[in-house]
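Below is one structure, written out as C-alpha cells; comments come after it.
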Amino acid sequence: MDGGGNLLEEALQIAKERGYAEISLETDDLSFSATLTVPKKKPGSKPLQDSSQEEIGPEELVVKSHLVGYFQAPNSGIKVGSKVQEEDVIAVISVFGISNEIEAGASAMIKEILVEDGQAVEYGQPLLILQMETTL
C-alpha cells in the first residue's frame with residue numbers, strides 16, 4: 001500500500017480544497033470512503049468569508065457557487081424574505097450525485113434568489129443575495 005497512501009492523501013486534499021462533503025476511492029487493492037466535516041465554530045467567533053461570498057454593497061453579500069454542478073434549494077424551503085442564521089443551509093450544489101451544502105455564514109435575510117431549482121451552475125456564478133442583519 002505504499003502508493004495507496006499517497007493517492008489517499010491527494011484525494012483527501014482535493015476533496016478538502018473543492019469543498020466536497022463526501023469522497024470515495026477505489027483501486028485494485030484499496031477501497032475507501034469518508035464523509036468530510038467542517039469543525040464547529042467557536043461561540044462568538046466571526047464567520048470566515050470564503051471565496052463563495054462577496055460583499056456587494058452596504059450590508060449585502062452575494063453567495064456564489066464554489067463548484068460546477070446543479071443548484072438545489074434546501075429542504076428548508078428558503079424564499080425571498082426568509083430569515084436565516086449563520087449555520088442554516090441556503091443552497092445545495094449537486095455534483096455527480098453528491099450534495100454540497102452552502103451555509104449562510106451570518107444572520108441575514110434572503111434578498112434575491114438568482115437561479116432556478118435544478119439549474120446548472122458554474123464555478124463563481126452568483127446564486128443568492130443576502131441582506132445582512134445588524135443587531136443593536
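With the crude spin-label approximation of a point 7 Å out along Cα→Cβ, what separation in nm comes out for Leu25 versus Phe96?
Simple spin-label model gives 1.3 nm for this pair.
Under the 0.36 nm per residue contour assumption, what length would be gained going from the current alpha-carbon distance of Glu9 and Lys111 to full extension?
Working: separation 102, 0.36 × 102 = 36.72 nm, distance 4.02 nm.
Extending this stretch completely gives an extra 32.7 nm.
The numbers here are math on the coordinates, done by the rules we state, and not lab data. Nothing here was measured: the structure is a model prediction, and the numbers come from that model. Here Cβ is always computed from backbone atoms with ideal geometry, including for glycine, and neighbour counts include all displayed protein chains.
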